[in-house]
1. When you take every Cα atom in region 1-134, what is the radius of gyration, and what is Dmax, the widest Cα pair distance, in Å?
2. Taking a point 7 angstrom from the Cα of residue 79 along the C-beta vector, which residues in region 38-66 have backbone N less than 13 Å away?
3. Hey, how many Å between the Cα centroid of region 213-227 and the Cα centroid of region 13-29?
4. Rounded to the nearest 500 deg cm²/dmol, what is the calculated helix-only ellipticity per residue at 222 nm for the chain, with -39500 (n - 2.57) per DSSP H run of length n ≥ 4?
5. So how do 225, 40 rank on accessible area, 1.4 Å probe, biggest first, that is with the largest at the start?
6. On a full-extension model of 0.36 nm per residue, what is the gain between residue 236 and residue 118, subtracting their alpha-carbon distance, rounded to one decimal in nm?
7. Calculate, in nm to one decimal, what residue 199 and residue 143 gain on full extension: separation in residues at 0.36 nm each, minus their alpha carbon distance.
8. GNM, the chain, Cα, under 10 Å: largest mean-square fluctuation among 271, 195, 238?
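The values are calculated or read from the model by the stated rules, or taken from the named source; none is laboratory data. Note that the structure is a prediction, hence the values are computed from the model and not measured. Glycine also receives a Cβ, built like all others from the backbone with ideal geometry; neighbour counts cover every protein chain displayed. These accessible areas exclude ligands, DNA and RNA; they are computed on the full protein's heavy atoms, side chains included. Shrake-Rupley method; radii C 1.70, N 1.55, O 1.52, S 1.80 Å.
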Amino acid sequence: MRTPVVPIRVLTHNIRHGGSDLFKGELPWDERKQLLLNEFEYETRYCEESFICLQEVLHEQLGDVVAGLNQDIYPGASEWAYIGVGRDDGHEAGEYSPIFYRPSVWQLAHWETVWLSKTPNIPSKSWDAASIRIVTIGVLQHRKSGHTVLAMNTHLDDQGSHSRLEAARIILGKIYEYSQNDLSNLISGIFLAGDFNSEENQEAYQELTTSLLDSYKQVPSPRHFGDYITWTGFGYEDEPRSRIDYVLVPKEGPRQRLKVAGYAVLPNQFDNGVLSSDHRAVVVDFIL
């Protein structure tokens, strides 16, 4: 009997935290949030197997996203849930890196938060990190097909080069751990999404791509949709715009049957001139 093929869409977006310390050109969260909710709804409407991976999400924003995703769900659609905690205390304080999924489609088998530090089991930071950093990890089984996905979402430090390198090594170590533990025989596919604060020639990207593939490079350039740049700022920053947001996957093998089918970078500004975030969303379509 042929194993069912499952289409999966992964959307990753740093939505910019909703604090009061606004950059020039940045509007408050209340004036940006509907643009992002519309993006999430539109991009996942007809792919029930979608995952939404977000970064810089404060607890109040998390509540808005949960409520927005589950408001006025069209007939036949399923509600959304999430995994993740605030990085500062392991509960509600500080930024989340949540993974959203539909429980009627995916059964959550296991999840954890790992701190990207010398003490990965408790809220902490190490090396030259300016902020506490985490990776959210979930093992989710597709209810119809039985396929199981290891989903990972992270946001690496924006200041510390050494901490980004060590964080990348911790993440690779977790992938290896899951390939060897009691859940290993279940896993059909693995992806790592997030804001790495690292360009292609920098430490985290270089380390992660020693064993992971960049989805961007698995789709011929003429078939890409949208732009190349993922960090735009709000228009007044001194830093050059760059590509620092990614979805990476291991090479195909027994525990990696996710095949990249499409790649897109979505716009973050429209006719009204409002920037929904200082990042653009990355969307990757897979066939499992």
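1. According to the Cα coordinates of region 1-134, Rg and Dmax are 16.5, 58 Å.
2. Of the residues in region 38-66, 66 have backbone N under 13 Å from the label point off residue 79.
3. Cα centres, region 213-227 to region 13-29: 28 Å.
4. -5500 deg cm²/dmol, from helical runs alone.
5. 225, 40
6. Between residue 236 and residue 118, full extension yields 38.9 nm more.
7. 16.5 nm
8. In this elastic network of the chain, the residue with the biggest mean-square fluctuation among 271, 195, 238 is 271.
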